[in-house]
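Comments concern the structure below.
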Amino acid sequence: MSDIATALGGARYEGFALVEEAPAGGMIALRGDWSDLGPALSSALGVEIPQTRRIVTEGERSLAWMSPDEALVLLPVDKVAETVRRITEGAGDAFVTATDVSDMRAVFRISGEGTGPREVLSKLCPVDMRSLEVEELRRTRLSQVPAAFWIGRDGTITVICFRSVAAYAFEVLTRAARPGTEVGHLAS
């Protein structure tokens with residue numbers, strides 16, 4: 001596999017929240033029944049199985065519940081091929097697909113003080129950002145494109161979208177983070 005490059009070369013914008021493209025990383029899309037996925041993932045990843053609409057992280061590996069028959073693994077790029085092999089072998093005869101999608105997605109991180117990161121997304125997504133819990137995953141629309149996001153333990157929001165819409169996603173995120181555009185409706 002060739003080296004994975006980010007979609008926008010590490011784009012970064014500092015407004016009332018910091019929006020930055022995450023470094024290139026590995027991703028594996030998994031499909032199958034969770035009762036089949038669970039044992040294969042536990043042995044291959046050493047990460048606990050997430051509850052519905054959750055993401056769990058252990059060290060440099062994360063496992064996200066994406067739908068009733070889909071999961072997403074985030075891990076270092078150099079671990080993807082071996083992990084795909086281990087998941088496939090661990091599934092045995094069960095129908096489970098594991099596909100390297102590392103170069104198909106763009107990842108952005110939104111960080112900042114207070115409610116800033118949540119406010120950025122509240123302008124773009126039909127999600128109640130007040131009630132979104134840490135490590136709760138949402139699949140929704142980011143303005144006009146499909147995206148998924150979650151809030152990490154440190155308050156940083158990670159957004160994943162298709163690579164083909166990375167420039168658009170970055171543009172709407174940076175416009176929403178522009179200084180002086182704060183709405184303030186999330187402030188306590």
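Any read-out appearing in this document is the output of simple, stated calculations on the displayed coordinates, not a laboratory observation. The shown structure was predicted, so the numbers you read here are calculated from the model rather than taken from an experiment. Cβ: placed from backbone, ideal geometry, glycine included. Neighbour counts: every protein chain shown.
Remarks
- Taking every C-alpha pair closer than 8 Å and separated by at least 6 residues, the mean separation divided by the residue count of the chain gives a relative contact order of 25 percent.
- FRET efficiency, 1/(1 + (r/R0)^6) with R0 30 Å, evaluated for residue 183 and residue 4 via beta carbons: 0.25
- Cα point-scatterer Debye curve for segment 26-100, base-10 log of I(q)/I(0) at q = 0.17, 0.26, 0.28 Å⁻¹: -0.51, -1.31, -1.54
- Acute angle (nearest 10 degrees) that the helix 80-91 long axis makes with the longest principal axis of the chain, alpha-carbon atoms: 50 degrees
- Net charge of Cβ neighbours under 12 Å - reference residue 44; Lys, Arg +1; Asp, Glu -1: +2
- Separation of alpha-carbon centers, segment 158-188 and segment 1-48, rounded to whole Å: 19 Å
- Normalised by residue number, the volume inside the convex hull of the Cα atoms of segment 146-188 is 101 Å³ per residue.
- The calculated Kirkwood hydrodynamic radius for the chain is 17.0 Å, given to one decimal from all distinct C-alpha pairs.
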